[in-house]
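The values are calculated or read from the model by the stated rules, or taken from the named source; none is laboratory data. None of the values given here were measured: they were computed from a predicted structure. Quick reminder, even Gly has a Cβ in these numbers, built from the backbone with ideal geometry, and neighbours come from all protein chains shown. Side chains are part of the model used for accessible areas, which takes the heavy atoms of the whole protein and leaves out ligands, DNA and RNA. Shrake-Rupley method; radii C 1.70, N 1.55, O 1.52, S 1.80 Å.
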Amino acid sequence: DDAGKPYVLPCVREAETILMNQPNLDHEYSGIAGDPKFVELSLKFAYGEDSKPLLENRIGGVQTLSGTGGLRVFGEMIHKFGHKEIYLPNPSWGNHTPIFKNAGLEVKTYRYYDKENSSLDFDGMVQDIESMPEGSCVLLHACAHNPTGMDPTMEQWKQLSDTIKKHNLLPFFDCAYQGFASGNAPKDAAALRMFVEDGHNLALVQSFSKNFGLYGQRVGALSVVGATPEEAKSVESQMKVCIRPMYSNPPRHGARIVSTILSDERLTQDFIDQCKGMADRINEMRTRLVSELDSVGSERNWDHITRQIGMFAYSGLSKEQVLEMREKHHIYCTLDGRISMAGVTSGNVDYIAGAIHDVTK
């Protein structure tokens with residue numbers, strides 16, 4: 001929150017109260033695939049209630065140990081069935097590479113970000129995707145790309161969809177920020193839904209850590225869109241084959257919280273409003289940070305900070321500048337210059353701007 005403290009959504013507190021007042025609530029195991037109600041609601045949340053493959057029972061899904069667990073399960077499953085490699089954007093979330101390497105895959109990259117101009121390298125991205133071997137799995141960030149916060153436009157997403165379909169690639173969406181990126185959950189799922197409408201058979205991993213603030217509950221889902229209901233069911237079965245010896249079954253409490261909220265119209269609206277409040281605060285801090293940098297006399301162009309979206313700002317600071325800021329001003333961010341905008345508040349934004357200016361002037 002704006003005081004720099006962990007924020008628990010009021011709708012989550014209310015859902016917990018509802019659950020604790022259920023006298024027959026137990027703590028037995030979930031099945032291998034997790035809570036069926038949670039999975040059903042998760043799929044509707046991402047794909048949309050009117051999704052054609054959802055209505056045709058062509059989406060198979062399981063509950064996972066947040067997004068990380070879903071990534072590992074999918075990586076292990078596709079490796080088991082012949083995939084030797086996976087393509088990640090450069091850069092990508094730091095944990096993507098070890099997750100997939102540990103699943104037995106060779107990690108390759110495609111161009112994504114132009115550091116020199118602090119913008120999306122879309123032409124390079126398309127060229128690299130066009131050169132991938134047919135059938136390759138390509139990981140895409142559904143929204144709020146981590147770490148850059150720079151997403152393709154919808155027109156660019158359409159071109160990517162056409163290119164990926166033309167070259168018969170397997171798109172795998174990592175969706176960690178739905179609702180938290182723009183404050184509008186359907187908008188944040190627009191790229192995924194476009195790919196589905198374009199007829200892709202694809203995979204999706206969802207995390208409910210950021211948007212619901214359930215970091216410690218490890219709530220996620222993994223799903224696939226199949227050509228037929230039978231194919232989707234078969235792939236779902238193979239997911240369970242991977243899950244059973246890996247962690248047997250997922251925890252229940254966080255999934256119950258999400259299910260309680262998404263199955264109630266009022267609580268769902270409360271979630272939408274509260275999630276938008278978090279997203280709006282982040283966006284306000286982006287604007288304030290750029291404004292403060294201008295106020296302290298920085299002559300650099302920081303507009304990329306407000307063009308980015310989501311929890312992080314890919315500042316453009318060099319490793320040397322990050323270390324200098326750490327040493328002189330005790331401000332900490334990753335060595336690639338990624339700033340967690342959730343840690344920027346109205347009480348420290350001027351200090352942060354001054355520190356950034358000091359190491360970049």
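State log₁₀ I(q)/I(0) for the stretch 152-273 at q = 0.10, 0.16, 0.19 Å⁻¹ as given by the Debye formula over alpha-carbon point scatterers of equal weight, solvent excluded. Debye output, listed in q order: -0.38, -0.95, -1.20.
To the nearest ten degrees, helix 265-295 and the longest principal axis of the Cα atoms of the chain are 20 degrees apart.
Across the stretch 73-84, coupling constants 3J(HN,Hα) worked out from phi with the 6.51/-1.76/1.60 Karplus curve, θ = phi - 60°, read 4, 5, x, 5, 5, 6, 5, 4, 9, x, 6, 9 Hz, and Gly and Pro carry x. Comparing Val344, Val62, Val205 in a Gaussian network model of the chain (Cα springs below 10 Å), the most mobile by mean-square fluctuation is Val344.
Centre-to-centre, using Cα atoms only, the stretch 127-141 and the stretch 319-361 are separated by 35 Å. For Lys328, the aspartates and glutamates whose Cα comes closer than 20 Å to its Cα, not counting residues fewer than 8 places off in the same chain, are Glu292, Glu320, Asp336, Asp350, Asp358. Restricting the chymotrypsin sites (Phe, Trp or Tyr not before Pro) of the stretch 310-357 to loop positions (DSSP other than H, G, I, E, B) with no more than 11 neighbouring Cβ atoms within 10 Å leaves Tyr332. For the stretch 96-126, backbone nitrogen atoms closer than 15 Å to the point 7 Å from Asp303 Cα along Cα-to-C-beta are found at 117-120.
Probing with 1.4 Å while keeping every protein chain in the model, the per residue accessible area of the stretch 204-314 equals 42 Å². Per residue of the chain, the DSSP helices (runs of n ≥ 4 H) give a summed -39500 (n - 2.57) that works out to -14500 deg cm²/dmol at 222 nm. For the chain, the longest principal axis of the Cα atoms and the long axis of helix 349-360 meet at an angle of about 70 degrees.
For the stretch 73-128, applying the loop criterion from DSSP together with a ceiling of 15 other beta carbons within 10 Å to the chymotrypsin sites (Phe, Trp or Tyr not before Pro) yields Phe81. Asp123 exposes around 110 Å² of accessible area when a 1.4 Å probe is run over every protein chain in place.
Extending 7 Å from the Cα toward the beta-carbon at both His27 and Gln159 defines two label points whose distance is 5.4 nm. Taking Gly226, Gly310, Gly216 as the candidate residues, the one with maximal mean-square fluctuation in a Gaussian network model of the chain, Cα springs under 10 Å, is Gly216. For Glu134, the accessible surface of its heavy atoms amounts to roughly 140 Å² (probe 1.4 Å, protein chains only, rounded to the nearest 10).
Spin-label model, Ser248/Phe81: points 7 Å from Cα along the beta carbon direction are separated by 2.7 nm.
Couplings for the stretch 141-156, taken from phi via the Karplus curve 6.51 cos²θ - 1.76 cosθ + 1.60 with θ = phi - 60°, read 7, 4, 6, 6, 3, 10, x, 7, x, 9, 9, x, 6, 5, 5, 5 Hz in order; Gly and Pro are left as x. In terms of its C-alpha gyration tensor, the stretch 1-128 comes out prolate, because a/c is 1.5 or above and the ratio a/b outweighs b/c.
So how tilted is helix 253-262 from the main axis of the chain? Cα-based, degrees 0 to 90, rounded to 10. With rounding to tens, the tilt is 90 degrees.
Taking trypsin sites (Lys or Arg not before Pro) across the stretch 175-251, none is in a DSSP loop with at most 11 further Cβ atoms lying within 10 angstrom of its Cβ. Using 0.36 nm per residue and subtracting the Cα-Cα separation, the extra length available between Thr97 and Thr345 on full extension is 86.1 nm.
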